[in-house]
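The values are calculated or read from the model by the stated rules, or taken from the named source; none is laboratory data. If you're wondering where the values come from, they're calculated on a predicted model, not measured in any experiment. Using ideal geometry, Cβ is built from the backbone for each residue, glycine included, and neighbour counts are taken over all protein chains shown.
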Amino acid sequence: MRWAAAHPGGPGQERIIGTEPGFTFRSAAELARLVREREVSSVEVVAAHIRRIEAVNPTLNAVVRLEAERALDAARRADEALARARQSDRAPAGGLAAIGRLHGVPFTV
């Protein structure tokens, strides 16, 4: 399965994601930096991880219940929150300082 995601470069720009090597092998801190600096979107990172789970989970059986749509929806909201924070960063309170250090980084429990 391939996922199309909005590219952080602007509205209407899409690229097929989930094929980028390395998203699933980077540290959480590195992924957070990439998302924060808009080199990738949270949706792109989450979709890459979903693809990896779909590829290896039949053998590993590590993820009992994959909620891909819910994860992608949360990633969209994270990207939107980051965009709002960037816009309000010029304001005296809030902005990027209010965004968590791992904002937009997927994880599983």
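Below is a table of values for the structure above.
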| quantity | calculated |
| --- | --- |
| Count of residues meeting criterion [closer than 18 Å to Ser42 by Cβ, of a type in the set (A, V, I, L, M) and at pLDDT below 90] in region 88-108 | 3 |
| Pairs where the first residue, in region 21-49, is farther than 22 Å from Glu67 by Cα and touching a residue at least 12 places away in the same chain (Cβ under 8 Å) and the second is of a type in the set (Ser, Thr, Tyr) and outside any helix (DSSP H, G or I), C-beta under 9 Å, 6+ apart | none |
| Sole exception among (1) free of Cβ contacts under 8 Å to residues at least 12 places away in the same chain; (2) more than 17 Å from the chain's Cα centre (by Cα) for Ala98, by number | (1) |
| Failed criterion for Asp73 (all others in (1) surrounded by fewer than 14 Cβ atoms within 10 Å (Cβ to Cβ); (2) modelled with pLDDT under 95 hold) | (2) |
